[in-house]
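Take a look at the structure below.
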Amino acid sequence: MKSLNYITIIAAVFTLLSCNTSGQQKKDQKVNLTPPPGKAIAAFAEGCFWCSEHIFEELAGVDSAVSGYAGGYTKNPTYEEVCAETTGHAETVLVYYNPKVISYADLLEAFFTSHDPTTLNRQGPDEGTSYRSAIFYQNDQEKELAQQAIKKWTSSFKDPIVTSLEPLRAFYRAEEYHQNYTEYNPSSSYIQNVSMPRFQSFKRACKLKMKR
């Protein structure tokens, strides 16, 4: 889990704001999974969503990436709840893309290039099921493509790939301070020491067209 620092304090404030003392239900953060006309969506979990969001948004053909939670059983989970490993959710990015420019297979290429899929429930310094490697598929075609990608990438790693394939039943948008976190917090120690080195490694390895 991420170190207890000012980020955790901020997260706690947002958690308190998500419900009041009368026990009212938390704000509905569930995202409509129907993409805009001519666009498509895909969901991936590969450790901290701050890193993943930044990586996918730099790919040509990707319109945006949203940080959020998927794969669990709690409705409208908060960051604190997910980090406590009590919801079953993984930190996930929902990628909005133009399939005429970049394909789902290309996104799978980016997925396996941008993280280590052999570390079970861990990515870099972050540990727990919320940081698991997972591909959330929406249909049989995506599931098949994901299975093919796993077979393709198996020989590229010394250890077995532990990426899980899970149906995308729901996606919950994370709190607003998580969105575009790398862009708005470039001097953060986590961004400097974890996110940016991972992004630079991805850029060196990635064969896909980048925006810049």
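Count, please, the residues in the range 45-66 that happen to be assigned to a strand (DSSP E or B), small (Gly, Ala, Ser) and surrounded by fewer than 24 Cβ atoms within 10 Å (Cβ to Cβ). If you could, list the steps in order and put the result at the bottom.
First pass over the range 45-66, keeping only residues assigned to a strand (DSSP E or B): 45-46, 59, 62-66.
After this cut, where a residue has to be small (Gly, Ala, Ser) as well, the list is 45, 64-65.
Still in the list and also surrounded by fewer than 24 Cβ atoms within 10 Å (Cβ to Cβ): 64.
Total satisfying the criteria: 1.
The residue pairs whose first member lies in the range 60-89 and is over 20 Å from Ile41 (Cβ atoms), whose second member is aliphatic (A, V, I, L, M), and whose beta carbons are closer than 7 Å, counting only pairs six or more residues apart or on different chains, are Tyr79/Ala11; Tyr79/Ala174; Glu80/Ala11; Glu80/Ala12; Cys83/Met1.
Only one of the numbered conditions (1) out of contact with any Ser or Thr (no Cβ under 8 Å at 6 or more places or on another chain); (2) crowded, with 24+ Cβ neighbours inside 10 Å is not met by Ala90, and that is (1).
Taken together, Val82, Val101 contain a single residue that is part of a helix (DSSP H, G or I), out of contact with any Pro (no Cβ under 8 Å at 6 or more places or on another chain), over 16 Å from Leu33 (Cβ atoms) and of a type in the set (A, V, I, L, M), which is Val82.
For the range 53-76, the set of residues classified as of a type in the set (S, T, N, Q) and in contact with a helix residue (DSSP H, G or I) (Cβ under 9 Å, 6 or more places away or on another chain) consists of Ser64, Ser67, Thr74, listed by residue number. Checked against (1) modelled with pLDDT of 95 or more; (2) more than 23 Å from Thr34 (Cβ to Cβ); (3) buried (at least 17 other Cβ atoms within 10 Å of the Cβ), Tyr177 meets all criteria but (3). Among the residues that make up the range 153-171, is at least one of them more than 30 Å from Lys26 (Cβ to Cβ), out of contact with any Gly (no Cβ under 8 Å at 6 or more places or on another chain) and among the aliphatic types (A, V, I, L, M)? Yes, the range 153-171 contains a residue that is more than 30 Å from Lys26 (Cβ to Cβ), out of contact with any Gly (no Cβ under 8 Å at 6 or more places or on another chain) and among the aliphatic types (A, V, I, L, M). Being hydrophobic (A, V, I, L, M, F, W, C) and out of contact with any Phe, Trp or Tyr (no Cβ under 8 Å at 6 or more places or on another chain) holds for only one residue in Val101, Val93, Val82, and it is Val101. Residues in the range 154-164: is at least one of a type in the set (Lys, Arg), in contact (Cβ under 8 Å) with a residue 12 or more places away in the chain, in contact with a Ser or Thr (Cβ under 9 Å, 6 or more places away or on another chain) and surrounded by fewer than 23 Cβ atoms within 10 Å (Cβ to Cβ)? Checked against the condition, which is being of a type in the set (Lys, Arg), in contact (Cβ under 8 Å) with a residue 12 or more places away in the chain, in contact with a Ser or Thr (Cβ under 9 Å, 6 or more places away or on another chain) and surrounded by fewer than 23 Cβ atoms within 10 Å (Cβ to Cβ), the range 154-164 yields at least one hit. Of all residues in the range 113-142, those that are in contact (Cβ under 8 Å) with a residue 60 or more places away in the chain and crowded, with 20+ Cβ neighbours inside 10 Å have Cβ atoms under 9 Å from Cβ atoms of residues that are acidic (Asp, Glu) and assigned to a helix (DSSP H, G or I), 6 or more apart or on another chain, in Ile135/Glu142; Phe136/Glu142. Screening Ala105 against (1) surrounded by fewer than 24 Cβ atoms within 10 Å (Cβ to Cβ); (2) closer than 16 Å to Glu176 by Cα; (3) among the hydrophobic types (A, V, I, L, M, F, W, C) leaves a single unmet condition, (2). The helices (runs of 4 or more DSSP H) falling completely within the range 125-212 that include 1 or more residues that are basic (Lys, Arg) map to 140-154, 196-205.
The values are calculated or read from the model by the stated rules, or taken from the named source; none is laboratory data. Because the structure is a prediction, the values reported are computed rather than measured. Neighbour counts run over all protein chains shown; Cβ positions are idealised from the backbone, glycine included.
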